[in-house]
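J.: One structure, pasted below without further comment.
Every read-out reported here was derived from the displayed coordinates using simple, explicitly stated rules and does not represent laboratory data. Please read these numbers as outputs of a predicted model, since none were measured by experiment. Every residue, glycine as well, gets a Cβ built from its backbone with ideal geometry; the counts of neighbours run over all protein chains shown.
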Protein chains: 4
Amino acid sequence: MYRFSDDYSEGAHPRILAALAEHNLESNPGYGLDRHSARAADLIRKEAADPSAEIHFLAGGTQANSAVIASALRPYQAVIAASTGHINVHETGAAEASGHKVLTAESADGKLNPSMIRDILSSHTDEHMVQPKMVYISDSTETGTIYTREELAALYHFCGQNGLYLFLDGARLGAALASPENDLTIADVAALTDIFYIGGTKNGALLGEALVIINDELKPGFRFLMKQRGAMLAKGWILGIQFEELFQDGLYYRLAAQARESAETIQRALEKLGYEFAYPPQTNQLFPIVPDPLAARLEAEFGCHPDRHLADNRTSIRIVTSWASTEAGIRSLLRVMSE
Amino acid sequence: MYRFSDDYSEGAHPRILAALAEHNLESNPGYGLDRHSARAADLIRKEAADPSAEIHFLAGGTQANSAVIASALRPYQAVIAASTGHINVHETGAAEASGHKVLTAESADGKLNPSMIRDILSSHTDEHMVQPKMVYISDSTETGTIYTREELAALYHFCGQNGLYLFLDGARLGAALASPENDLTIADVAALTDIFYIGGTKNGALLGEALVIINDELKPGFRFLMKQRGAMLAKGWILGIQFEELFQDGLYYRLAAQARESAETIQRALEKLGYEFAYPPQTNQLFPIVPDPLAARLEAEFGCHPDRHLADNRTSIRIVTSWASTEAGIRSLLRVMSE
Amino acid sequence: MYRFSDDYSEGAHPRILAALAEHNLESNPGYGLDRHSARAADLIRKEAADPSAEIHFLAGGTQANSAVIASALRPYQAVIAASTGHINVHETGAAEASGHKVLTAESADGKLNPSMIRDILSSHTDEHMVQPKMVYISDSTETGTIYTREELAALYHFCGQNGLYLFLDGARLGAALASPENDLTIADVAALTDIFYIGGTKNGALLGEALVIINDELKPGFRFLMKQRGAMLAKGWILGIQFEELFQDGLYYRLAAQARESAETIQRALEKLGYEFAYPPQTNQLFPIVPDPLAARLEAEFGCHPDRHLADNRTSIRIVTSWASTEAGIRSLLRVMSE
Amino acid sequence: MYRFSDDYSEGAHPRILAALAEHNLESNPGYGLDRHSARAADLIRKEAADPSAEIHFLAGGTQANSAVIASALRPYQAVIAASTGHINVHETGAAEASGHKVLTAESADGKLNPSMIRDILSSHTDEHMVQPKMVYISDSTETGTIYTREELAALYHFCGQNGLYLFLDGARLGAALASPENDLTIADVAALTDIFYIGGTKNGALLGEALVIINDELKPGFRFLMKQRGAMLAKGWILGIQFEELFQDGLYYRLAAQARESAETIQRALEKLGYEFAYPPQTNQLFPIVPDPLAARLEAEFGCHPDRHLADNRTSIRIVTSWASTEAGIRSLLRVMSE
């Protein structure tokens, strides 16, 4: 089966497996205090152009999101997200489980803007309501869209003026950076957020997200919090080695570019075939609108998740490519979609 | 200042103060294990027509709501509420602070129905999302509306079929029962919910809510939970004495009726004056729509909270009456509103 | 039944009930924003000799303790207490329920000293262990003992040097201040702690504890936290009125003195009868050691709780007096104990 | 540097790396719903001789411990552990962070017995105290000791009679099973506990613990809880493949035996040299008592953690072997210790 359900359906890029094997019998101190993690952190600080950024490696996205929220907020503070945001929908209430309400704004494309946040602030005015303190965005978003430099700068500026932390979930940051419409670098993201992470799981790693803490207020005690939440891996170098490999010569960018190329091939073919998209097709996630029977077939044969059921017996479905997508798979998918 | 901001702006009905004074120097065991609490519980069980109902007395509504939610739900389970629900808006995230997401439905009149709940259930289908397990409603609602017997029965039936607990916040149950359009009794509420409470604070008590647990599944361990959450009063008989007084000869109903009479006087006068209401005026809470300058004046002079800002420079404001509302106060309010 | 089980077995001092009745029909804003609460806070700030102290009124001790802990600590931080401390034993895990470990030191008399705390600090050295951040003491303690000025100063100094907050649970502060061996004032307590509270429930109030926040770091957001935890009373003036009455002319001190006088009568009689005490008898709590059968009888007839079972079929029991203890009760108790 | 600080200082056994590489480009469904996880679960069910056991794979021990505790207990319930227990000391308060108190018994060898638990039960009698509901043990323990079949049976029997769940932390279960004094099998452990896990991280895996739920009461909703706590790996098959490899032909046992052989070599040599041990040397963890200067040297040169400082300027230190310990390393360690 060729699977287009996700960008984490295969293992790691072969170079990463090779690096893990190469260092396998080294004796390393545990819990991320090893030289690989240290070097990977250095590489990422360079990428972020912030020598004082604090870097932590965590196993997965839900873990990273809920650890950041739990660390940054006081008990009565809340995080603002798009209603489609991963923390609002797909983390089984992890934010709430650490005590914090997620305040949501409806958004057509999965993105937030200052005006949406202003509305929420203006209705949260006293101690009978939670106090908004953090804004959560994802880039690329859950609907495959991306933020421009200008949009991110506007958000960051607004957050700063209103005493809000801006947190960017970069589980699919690679995909965002590889978008033809992207004008951000990791250094830009570092300059325009308080805290963000760079996803490895969805871009070539076996597992791992690299958290980058920019704002000094968010740095104290994070290792305590990771340990408490089961987010500090005993063999921490497993994560360090992978991010070393991803960032020492640009592999991270190349893998993301490859995923986008596959998506672009599919996107152009679908456009030619006359398909419309539920959200602007900008990254490795595409949401074409198809007749219900085709949606069912694509789910059965390629694992494509239905997104939303629409009028006239149509459904938007999600097609996701990765560095591991094959030409044969793409041909097979397009064959079915052009029948 | 005549205050129409709330139904808890005065102390207790004089009979309740007298009862507290009468028993003041009795020596009673603490923590609700006294004879007054026992007798009050018996009176309430009779009212509920359920001899096996478990009764607990708590100090306030937020305490009652969050204790019930924390007790009933497993860590990954969620509670469904109207977006205007008290637990969603005005408890500073108490539900989330005990770990549970509040899933909300938009509702024009503050009430839920099975179809709204069905929509939420149908989008919460696997372990990546919270599991809805409880439905929270309030009667009367935060917008002053009430449930009919038929509506409550439909909700209870739907919840039973879908493995959901139905929890009724009765902080203003007195007001609901006193509505001219009400066809429910406390026994009906007991028969058509899994758990509910009878508010004292907003109907003549100094403080106190009487929680009534009907469903056996929700009974174990509740006293442990109360104690842990600081919701078990050392001098528990203070609550017991008040509910004894409220329910031994119908005082509870008479006080609520008196509050509604005052509201009815105001409502009729406002209708005559041509005011429209943002929500159906059914209880002791009225939401007339007034020009902005009048809204500001009513807030300044009578403490009336603005509800929502509407088109054409109008605002819906909240007028609340209680057993302690005075004729002079009502005249004074109406004078201003008829200028 | 004459009850010596507790100092909260009766209602309020008659003057307090009278004050509640006097202001009963006043219209007051809710949630502690009324003039009585403001005046009571002023009186307490004067008592504490700290014009910038922040004062909050809460309903009970468990509520106060867990709100303070939840507010002061980050998720991975812990509070240090004597193993007999109320938060460790008798709050159904309220501290842990808000996420925080209680680290305990064994203590013969229920008191902590710097050396005990130093031992705990020295074994909590990295992020695999919780981080101690607050020291919790009670004065008078759960075993009826008190801190001297010198002892409290030593603790406060040590805490300051080690980045720890010192929190004093004053549920029975009145009893401590009324001890013949006491050399502290409320102003001393304010000068030698970061946060403390003055208990009303156990010294003449119907209910209520007055929290005094001295350290500026602990002030932000406390009202949010109170509301979230169900610790913000709708009719907040009920608490304000009581503390006004207790502190406007020294009633608080007189009631505590009266409780101690009763205890002193009993203590001297027991000493004459040759009883030994499990802990130094300093306040309104006495722990004489009695033969097991007498322990059982005292529990049955006077509600005295057994403390610990000792060798030779003896038990230490707890005798507690209050402002409401009667001469007849004391005579009756002593008659049984001298048989 | 030869490191004897831990049994997780190297990567995975080469066969495990090879298996990961072999299946690397397979397309698998995420979140543990793949065929490798299914087969590994089958192998473990066979090992446990319980066809209805529910198996989940988690990344690490702290994650497993706190997820089990959070899932099994109601908010006011507590877990009993030896004071040396991992959950009490080395998880940064993870149990408390999920709301649950850890009640501890002092234990000379890191093990619990029914009498210790009975003492705790007898002092937790009403709703003012937490309710003990689970007993946590580890095998092998944090001090390198093991449970016999008889001891485990006695605990399980006692727990059953007292309504307690018995939870066995098997992060080092391999080491326990490989002890010359062990008389348990995994099937015995399954028959004599309610829930336990089989540690991979400390016995040859890159990462991973296999949780085995025996008691039906503990099964519902565990996948929701894993997801919420960030303990559900996106590429779940990474864990499945490793446990497949460990259990398809006994590799798990052989790796543990190899670790014990290395420990035995060291143990015998140390005994000959006249060293005493702080705890009975039964597994791959040895705690010889050495003069302070030697302790410092062993920490510097071999990473050996000091355990406790003892009288006469002596310290017990921890030596841990693993499947990856080398003869050269052992010789080097013994050379230093025989100087």
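J.: So what's chain D giving for Cα Rg divided by 2.2 N^0.38 Å, two decimals?
T.: The reported ratio for this selection is 0.99.
J.: Related question: Toward the positive end of the charge dipole of the range A:1-41, about the Cα centre and with charges on Cβ (Lys, Arg +1; Asp, Glu -1), which of A:G11, A:L25, A:A41 goes farthest?
T.: Farthest towards the positive end: A:A41.
J.: Which FRET efficiency value, to the nearest 0.05, do you get for B:A153 and B:S123 by plugging their Cβ-Cβ distance into 1/(1 + (r/R0)^6) with R0 = 25 Å? Can you show the working numbers first?
T.: Details: r = 26 Å, r/R0 = 1.02.
Once the sixth-power term is evaluated, E becomes 0.45.
J.: Charges only on Cβ, +1 for Lys and Arg, -1 for Asp and Glu: so what's the dipole of chain A about the Cα centre, in debye to the nearest 20?
T.: 500 debye
J.: Could I ask something else about it? Rounded to the nearest 500, what is chain C's calculated 222 nm mean residue ellipticity when only DSSP H runs of at least 4 contribute -39500 (n - 2.57) each, over all residues? Provide the component values of the computation, followed by the final result.
T.: Values: 14 runs with 138 residues, N = 339.
That calculation yields -12000 deg cm²/dmol at 222 nm.
J.: Take every Cα pair under 8 Å in chain B that's 6+ residues apart, average their separations, divide by the length, and report that relative contact order as a whole percent.
T.: Reported relative contact order: 24 percent.
J.: When the dipole is taken about the Cα centre of the range C:251-337, and only Lys, Arg (+1) and Asp, Glu (-1) are charged at their Cβ, what size is it in debye, to the nearest 20? Mind dumping the intermediate values first?
T.: Numbers: 10 positive and 10 negative charges, 35 e Å.
In debye, rounded to 20, the range C:251-337 gives about 160.
J.: Continuing with this model, one more query. What list do you get for D:T193, B:T92, B:T141 if you sort them by fewest beta carbons within 10 Å? Display every interim value, and only then the final one.
T.: Numbers: D:T193 23, B:T92 31, B:T141 27.
Fewest-to-most ranking of D:T193, B:T92, B:T141: D:T193, B:T141, B:T92.
J.: Still on this structure, please answer the following. Partner chain Cβ atoms within 10 Å, averaged over the residues of A:19-32 - can you pull that number for me?
T.: Counting other chains' Cβ atoms within 10 Å and averaging over A:19-32 gives 5.
J.: Enumerate the amide H contacts of D:V290 below 5 Å, restricted to partners 5 or more residues apart or on another chain; note that Pro and chain-start residues carry no placed amide H.
T.: Under 5 Å from the amide H of D:V290: D:T315, D:S316, D:I317.
J.: Can you flag which of D:K202/D:K272; A:K111/D:K219; C:K101/C:K202; B:K235/D:K101; A:K219/C:K219 are past 30 Å Cα-Cα? Please report the intermediate quantities before stating the final value.
T.: Working: D:K202/D:K272 28 Å; A:K111/D:K219 38 Å; C:K101/C:K202 27 Å; B:K235/D:K101 27 Å; A:K219/C:K219 22 Å.
Over 30 Å Cα-Cα: A:K111/D:K219.
J.: If the label for D:R254 sits 7 angstrom from Cα along the Cα-to-Cβ line, what are its distances to the same label in every other copy, in nm to one decimal, shortest first?
T.: Ordered by distance, the counterparts are at 3.7, 8.8, 8.8 nm.
J.: Put a dot 7 Å past each Cα toward the Cβ at C:A18 and B:T185; how far apart are the dots in nm?
T.: 4.5 nm
J.: Just to verify a number: FRET efficiency for D:Y2 and A:R308, C-beta to C-beta distance, R0 = 35 Å, to 0.05?
T.: The pair D:Y2/A:R308 has a calculated efficiency of 0.05.
J.: Convert each backbone phi in the range B:184-193 into a coupling constant with the Karplus relation 6.51 cos²θ - 1.76 cosθ + 1.60 (shift: θ = phi - 60°), then list the ³J(HN,Hα) values in order as whole Hz, x for Gly and Pro.
T.: Once rounded to whole Hz, the list reads 9, 10, 4, 5, 5, 4, 5, 6, 10, 9.
J.: Convex hull over the Cα atoms of the protein assembly as shown, averaged projected area in nm²? Mind showing how you got there, number by number?
T.: Values: hull surface 204.8 nm².
Quarter of the Cα hull surface area: 51.2 nm².
J.: Just to be sure I understand: with springs between alpha-carbon atoms less than 10 Å apart, which residue in B:A53, B:A234, B:A259 has the highest mean-square fluctuation in the Gaussian network model of chain B?
T.: Judging by the Gaussian network model, the answer is B:A234.
J.: Rounded, prolate or oblate for the range B:54-162? Axes are the square roots of the Cα gyration tensor eigenvalues, ordered a ≥ b ≥ c, and the cut-off for rounded is a/c under 1.5.
T.: rounded
J.: Go through D:L164, D:Y147, D:A205 and say which Cα lies farthest out towards the positive end of the charge dipole of the range D:137-210; charges sit on Cβ, +1 for Lys and Arg, -1 for Asp and Glu.
T.: My answer, from the dipole projection, is D:A205.
J.: With only alpha-carbon pairs counted, each pair once and no self-pairs, how large is the Kirkwood hydrodynamic radius of the range D:134-199 in angstroms?
T.: Result for the range D:134-199, one decimal place: 11.5 Å.
J.: Next up: Efficiency by 1/(1 + (r/R0)^6): what FRET value for B:N162 and D:R74, r their Cβ-Cβ distance, R0 = 30 Å, to the nearest 0.05?
T.: Calculated transfer efficiency: 0.85.
J.: Step through the residues of the range C:243-252 one at a time and calculate ³J(HN,Hα) from phi using the Karplus curve (6.51 cos²θ - 1.76 cosθ + 1.60, θ = phi - 60°), rounding each to whole Hz and writing x for Gly and Pro.
T.: Here the 3J(HN,Hα) series is 6, 4, 5, 5, 10, 6, 8, x, 3, 3 Hz.
J.: With each pseudo-label sitting 7 Å past Cα toward Cβ, what's the B:E217-C:E26 distance in nm, one decimal?
T.: So the label points at B:E217 and C:E26 sit 4.8 nm apart.
J.: Treat the range B:27-104 as a sphere of radius equal to its Kirkwood radius over Cα pairs and apply Stokes-Einstein at 20 °C in a medium of 1.002 mPa s; give the translational diffusion coefficient in µm²/s, rounded to a whole number. Spell out each step's value before the answer.
T.: Numbers: Rh = 14.4 Å.
Roughly 149 µm²/s, to the nearest whole number.
J.: Along the charge dipole of chain C, Cβ charges K/R +1 and D/E -1, which of C:A175, C:H124, C:H90 sits furthest on the positive end?
T.: Farthest towards the positive pole: C:H90.
J.: Apply the a/c threshold of 1.5 to the C-alpha gyration tensor of the range A:251-337 and tell me whether it is rounded, prolate or oblate.
T.: In terms of gyration-tensor shape, prolate.
J.: How far, in whole Å, is the closest Cβ of chain C from the axis that maps C onto B, and which residue does it belong to?
T.: Axis relating chain C to chain B; nearest Cβ residue and distance: C:A59, 3.
J.: Taking the Cα centre of each part, how many Å lie between the range B:183-218 and the range C:217-278?
T.: Here the two parts' Cα centres lie 33 Å apart.
J.: Just to confirm my numbers, what's the Cα centroid distance between the range A:129-149 and the range C:114-137 in Å?
T.: Their Cα centres are 39 Å away from one another.
J.: Here's a follow-up. Let's see if you can work this out: charge +1 on each Lys and Arg Cβ, -1 on each Asp and Glu Cβ, no other charges. What is the dipole magnitude of the range B:96-196 about its Cα centre, in debye to the nearest 20?
T.: In total the dipole reaches around 140 debye.
J.: Please report Rg over Rh for the range C:47-87, where both radii come from the alpha carbon positions and Rh follows the Kirkwood definition.
T.: Numbers: Rg = 12.8 Å, Rh = 12.4 Å.
Using Cα coordinates only, the ratio equals 1.03.
J.: Nm distances between the label at B:E299 and the same-position labels in the remaining copies, 7 Å along Cα→Cβ, shortest first?
T.: Between copies, matching label points for B:E299 lie 4.8, 5.9, 6.3 nm apart.
J.: Follow-up question, since we're still on this one. Residue by residue, what Karplus-based ³J(HN,Hα) values in Hz, rounded to whole numbers, does the range C:129-142 have, using 6.51, -1.76 and 1.60 with θ = phi - 60° and x for Gly and Pro?
T.: After applying 6.51 cos²θ - 1.76 cosθ + 1.60, I find 10, 4, 9, x, 9, 9, 10, 10, 10, 10, 9, 5, 7, 5 Hz.
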